[in-house]
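Notes follow the structure.
The values are calculated or read from the model by the stated rules, or taken from the named source; none is laboratory data. Source: prediction; values computed, not measured. Quick reminder, even Gly has a Cβ in these numbers, built from the backbone with ideal geometry, and neighbours come from all protein chains shown. For the accessible areas, the whole protein counts, side chains as well, though only heavy atoms, and no ligand, DNA or RNA atoms are used. Shrake-Rupley method; radii C 1.70, N 1.55, O 1.52, S 1.80 Å.
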Amino acid sequence: MPKSFYDRLTNSKDKDLISSHIKDLLNQYFVDYVEVAIRDPILFGDYRTALTPEKPRIYEDMQDYDVVKALFDEILEEYNENNNRMDLVLFEDALEHLTRVHRVIRMDQGHALLVGVGGSGRQSLARLAAFAAGSEVFEITLSRGYGEEDFREDLKSLYQKLGIEKKKMVFLFTDAHVAQEGFLELINNMLTSGMVPALFADDEKEAIIGQIRDEAVSAGLVPNRESCWVYFVQKCSVNLHIVLCMSPVGETLKNRCRNFPGLVNNVSIDWFTPWP
């Protein structure tokens, strides 16, 4: 219930109302489990072995902030050794956001919408969560004259990594990347169906099918064109995780969510409220 309703609420008053209602229901029907169910914090994740890929990942109760901070401090140190350095202060709210975003990325076809103003740490925490989840981050680079055709070419590169190279990818897309509103229509298609319609030309599509056919046959599929393409799209959909970073200021986000419902219906929403 907290993940279905609580995370979508936008202010403390509404969140307190939901928490109070949940507590009342627990006291009414599950009185023996109230203390466990409403414990704060509730931190679950499988990142205890994030830096030792040979060990199995176990989704478990992380118990408290001290345990989570020690783990993510170590993960951050490893990240900084191999990527552009991020100097992050992992206080309690940041740890909760990290745990939440990491959990979404680790889910099959898990996508996230991080809502907050600029400078709230959305992108940095998303990068660290992706690293802890064993995923690579894909991000477009805007240039003068960058338009939908350029965006489609970048998406082709992304889908090559997803389906042919079999990489787990986090597509990090911010409101600063929305050079044209048409970009969001493509993102909406990716969220709802896993693929952008007519992204690949016929010859490009045939080349992909040729590369994937043997693997599709090994998976027990009929080696025809349609089956191989569906197999490719499913692989991409499983390996793709979209993380959107949007600002709630003004009417822009509201209008975009109304025009492109996949931005709300197919994501887990995480509100980055002002830091304490």
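Counting other Cβ atoms within 10 Å, keep those with at most 15, restrict to DSSP loop, and tell me which GluC sites (Glu not before Pro) in region 174-276 are left.
Numbers: sites: Glu181, Glu185, Glu204, Glu206, Glu215, Glu226, Glu251; in loops: Glu181, Glu251.
For GluC sites (Glu not before Pro) across region 174-276 that sit outside H, G, I, E and B with at most 15 neighbouring Cβ atoms in 10 Å, the list reads Glu181, Glu251.
Mind checking region 149-216 for trypsin sites (Lys or Arg not before Pro) that DSSP puts in a loop (not H, G, I, E or B) and that have at most 13 other Cβ atoms within 10 Å? Before the final figure, lay out each step's value.
Numbers: sites: Arg152, Lys156, Lys161, Lys166, Lys167, Lys168, Lys205, Arg213; in loops: Lys166, Lys167, Lys168.
Here the sparse-neighbourhood loop sites are Lys166.
I'd like the distance separating the alpha-carbon centroids of region 14-32 and region 207-232, in whole Å.
50 Å
As a check on your grasp of the helix formula, calculate [θ] at 222 nm for the chain: sum -39500 (n - 2.57) over DSSP H runs of n ≥ 4, divide by the residue count, round to the nearest 500.
On the way: 11 runs with 134 residues, N = 276.
Taken over the chain, the calculation gives -15000 deg cm²/dmol.
Applying the Karplus parametrisation 6.51 cos²θ - 1.76 cosθ + 1.60 with θ = phi - 60° to the phi angles of region 191-197, what ³J(HN,Hα) value in whole Hz is obtained for each residue in order, glycine and proline being reported as x?
With coefficients 6.51, -1.76 and 1.60, one gets 6, 8, 10, x, 8, 8, x Hz.
Which aspartates and glutamates does Lys69 reach when only Cα atoms under 16 Å apart count, and residues fewer than 8 places away in its own chain are ignored?
List returned: Asp40, Asp46, Glu60, Asp61, Glu77, Glu78, Asp87, Glu92, Asp93, Glu96.
Determine ³J(HN,Hα), in whole Hz, for all residues of region 27-40 in sequence, where each value follows from phi through the Karplus function 6.51 cos²θ - 1.76 cosθ + 1.60 and θ = phi - 60°; x replaces Gly and Pro.
Whole-Hz 3J(HN,Hα) from phi for region 27-40: 5, 7, 10, 9, 4, 6, 10, 4, 4, 6, 5, 9, 4, 10.
More than 20 angstrom separation, counting every C-alpha pair in region 1-126; what % is that? List each step's numbers first, then the result.
On the way: 4213 of 7875 pairs.
Here the long-distance tail beyond 20 Å is 53 percent of all Cα pairs in region 1-126.
Which entries of Lys167/Lys205; Lys55/Lys235; Lys23/Lys235 show an alpha-carbon separation above 31 angstrom in the structure shown? Could you put the intermediate results ahead of the total?
Working: Lys167/Lys205 19 Å; Lys55/Lys235 24 Å; Lys23/Lys235 41 Å.
Distance filter (> 31 Å) returns Lys23/Lys235.
When only C-alpha pairs under 8 Å and at least 6 residues apart count, what is the relative contact order of the chain, in percent?
Working: 335 pairs, mean separation 67.2, N = 276.
That works out to 24 percent.
Any idea what the alpha-carbon Rg over 2.2 N^0.38 Å comes to for region 83-131?
Working: Rg = 10.8 Å, N = 49, 2.2 N^0.38 = 9.7 Å.
Ratio of Rg to 2.2 N^0.38 Å for region 83-131: 1.12.
Taking amide H positions as placed 1.01 Å from N in the peptide plane, with prolines and chain starts having none, which residues 5 or more places from Val137, or on another chain, fall under 5 Å of its amide H?
Val170
Mind running the shape call on the chain? Use the C-alpha gyration tensor, a ≥ b ≥ c as the square roots of the eigenvalues: rounded below 1.5 for a/c, prolate if a/b tops b/c, oblate otherwise.
Numbers: a/c = 1.68, a/b = 1.50, b/c = 1.12.
Judged from the Cα gyration tensor, the chain comes out prolate (a/c at least 1.5, a/b above b/c).
Determine ³J(HN,Hα), in whole Hz, for all residues of region 65-80 in sequence, where each value follows from phi through the Karplus function 6.51 cos²θ - 1.76 cosθ + 1.60 and θ = phi - 60°; x replaces Gly and Pro.
Along region 65-80, the couplings run 5, 4, 5, 5, 5, 4, 5, 6, 4, 5, 5, 5, 4, 5, 4, 5 Hz.
On the accessible surface of the chain, probed at 1.4 Å, how many percent belong to carbon and sulfur atoms?
Working: 7420 of 14850 Å².
Roughly 50 percent, rounded to a whole number.
Tell me which residues come under 5 Å, amide H to amide H, from Cys245 once H is placed; ignore anything under 5 positions away on its chain.
Under 5 Å from the amide H of Cys245 lie the amide H atoms of Leu114, Phe173, Thr174, Asp175, each far enough along the sequence or on another chain.
Starting from region 34-88, pick out the GluC sites (Glu not before Pro) whose DSSP state is loop and whose Cβ has at most 14 other Cβ atoms within 10 Å. If you can, show how the numbers build up before the last one.
Values: sites: Glu35, Glu54, Glu60, Glu74, Glu77, Glu78, Glu81; in loops: Glu54.
Here the GluC sites (Glu not before Pro) that fit, given the DSSP loop and packing criteria, are Glu54.
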